1. So if I check each of 106, 133, 42, which one is over 18 Å from residue 245 (Cβ atoms), hydrophobic (A, V, I, L, M, F, W, C), open to solvent by 10 Å² or more (accessible area, probe 1.4 Å) and modelled with pLDDT under 90?
2. Please give the number of the condition residue 181 fails out of (1) over 27 Å from residue 158 (Cβ atoms); (2) of a type outside the set (S, T, N, Q); (3) in a loop (DSSP other than H, G, I, E, B); (4) open to solvent by 30 Å² or more (accessible area, probe 1.4 Å).
3. Of (1) within 17 Å of residue 51 (Cα to Cα); (2) without any contact (Cβ under 8 Å) to a residue 60 or more places away in the chain; (3) touching a helix residue (DSSP H, G or I) at 6+ places or on another chain (Cβ under 9 Å), residue 264 satisfies all except one. Which?
4. Please go through segment 234-257 and pick out each residue that is in contact (Cβ under 8 Å) with a residue 60 or more places away in the chain and either part of a strand (DSSP E or B) or among the hydroxyl-bearing types (Ser, Thr, Tyr) (or both).
5. For segment 194-223, give me the residue count where each residue is part of a loop (DSSP other than H, G, I, E, B) and either open to solvent by 30 Å² or more (accessible area, probe 1.4 Å) or in contact with a Leu (Cβ under 7 Å, 6 or more places away or on another chain) (or both).
6. Within segment 286-316, which residues are among the hydroxyl-bearing types (Ser, Thr, Tyr) and not in a strand (DSSP E or B)?
7. Quickly run through segment 78-92 and pick out the residues that are under 24 Å from residue 275 (Cβ atoms) and either in a loop (DSSP other than H, G, I, E, B) or open to solvent by 40 Å² or more (accessible area, probe 1.4 Å) (or both).
8. In this structure, does residue 270 turn out to be of a type in the set (D, E, K, R), part of a loop (DSSP other than H, G, I, E, B) and buried (at least 16 other Cβ atoms within 10 Å of the Cβ)?
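The values are calculated or read from the model by the stated rules, or taken from the named source; none is laboratory data. From a predicted model like this one, the values you see are computed outputs, not experimental measurements. Heads up, the Cβs are rebuilt from the backbone with ideal geometry, glycines too, and the neighbour counts pull from every protein chain shown. All accessible areas refer to the heavy atoms of the entire protein, side chains included, with ligands and DNA or RNA removed. Shrake-Rupley method; radii C 1.70, N 1.55, O 1.52, S 1.80 Å.
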Amino acid sequence: MENEKGASSSTFKMGNSAQERSLPYVPDCYAVPPSYEPRDALDSKSESVPTIDISRLKGSDDERRGVIQEIRLACQSFGFFQIVNHGIDQSILDDALAVAKGFFELPAKEKNKFMSNDVYAPVRYTTSLKDGLDKTQFWRIFLKHYAHPLHRWIHLWPQNPPEYRKKIGKFCEEVRILSLEIMGAITESLGLGRDYLSSRMDENGMQVMAVNCYPPCPDPKTALGLPPHSDYSCITILLQNLTGLEIFDLTAHDGSGRWVHVPEVKGVLKVHIGDHFEVLSNGLYKSVIHKVTLNEEKTRISLASLHSLGMDDKMSVPCQLVNDENPVRYRESSFNDFLGFLVKNDISQGDRFIDTLRIKN
């Protein structure tokens with residue numbers, strides 16, 4: 001019998017992956033080459049990530065202007081910030097994490113009802129990064145489903161655990177309200193006004209939930225939960241139960257960059273700037289490159305709520321941000337365009353959607 005540890009990635013298909021089977025070793029197809037993923041770049045002690053008290057957006061004009069400035073600086077330097085005093089009750093966050101964990105603890109037969117390798121499916125359960133077909137596989141299990149408008153999609157979600165729809169649905173509703181407030185602040189920081197996207201994000205805007213599970217990994221230094229990548233979205237709002245998220249600080253080391261560990265503080269949410277806001281800003285704001293590291297003893301659960309324009313609604317550079325010195329630097333694109341990119345490309349090997357949108361002037 002062939003030694004599984006040396007087996008090719010084709011051995012580990014959806015529903016039968018190493019992480020789902022809790023293998024006591026990391027198979028070769030999960031090992032990330034050192035040249036591809038340097039391990040000595042992280043310096044969490046000397047770096048900190050921006051943390052913004054988002055409640056001040058509802059304060060005086062001066063308070064709001066202060067927050068807008070903080071958001072502008074965070075989007076320019078990191079493409080990422082943490083938010084506190086966001087208004088979502090801790091019980092809603094705790095319930096969402098607990099019921100998500102409960103889903104991944106269900107028998108395989110129950111989870112496999114949602115198994116799909118179709119990136120266009122509105123609800124799908126799979127492993128690794130893209131449909132279990134990555135050249136290098138990743139120590140991850142996830143359920144993705146559309147979440148807005150909620151009434152259109154919730155009947156397709158899992159019915160088990162029994163309160164999954166109720167508790168994840170409540171989280172989705174609350175985080176969507178928050179996302180609109182944050183996106184309004186970001187467009188305001190660009191000089192476009194807080195209502196620049198509101199009508200387009202209302203009924204037709206997309207909200208996609210990525211419910212992620214990263215089981216304990218027997219050798220966290222060998223494998224990754226997710227490789228370096230950026231999100232296609234306008235913004236992603238992330239909730240996690242454990243540390244594991246790392247972001248790439250482009251400004252460190254005189255522009256050569258450095259990985260920064262994002263600490264976990266209960267109740268704090270993380271905001272990622274995505275590819276479509278890099279386009280909207282004409283490159284002033286950068287979509288954050290991030291990855292997920294693993295834990296040898298504990299299961300990490302994260303809920304990533306990705307917010308974008310409607311399926312075929314194109315994000316483009318606004319004329320207000322274009323002049324002779326700053327020509328249009330990006331092609332327009334939609335969520336549907338990203339799905340097409342995902343089908344044809346391998347993000348695990350470093351392919352990035354945003355790279356296909358840049359115009360060489």
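1. Details: 106 fails: modelled with pLDDT under 90; 42 fails: over 18 Å from residue 245 (Cβ atoms).
Criteria check complete, one pass: 133.
2. Failed condition: (3).
3. So residue 264 meets the others, but not (3).
4. 235, 236, 237, 238, 239, 240, 246, 247, 249, 251, listed by residue number.
5. Taking segment 194-223 and keeping what is part of a loop (DSSP other than H, G, I, E, B), we get 194-197, 202-205, 215-223.
Imposing the further condition that a residue be either open to solvent by 30 Å² or more (accessible area, probe 1.4 Å) or in contact with a Leu (Cβ under 7 Å, 6 or more places away or on another chain) (or both) reduces the set to 194-196, 202-205, 216-223.
Final tally of qualifying residues: 15.
6. Let us first name the residues in segment 286-316 that are among the hydroxyl-bearing types (Ser, Thr, Tyr), namely 287, 293, 299, 302, 305, 308, 316.
Passing the criteria: 287, 293, 299, 316.
7. To start, the set of residues in segment 78-92 that are under 24 Å from residue 275 (Cβ atoms) comprises 78-83, 86.
Selection gives 78, 79, 86.
8. The answer is no for residue 270.
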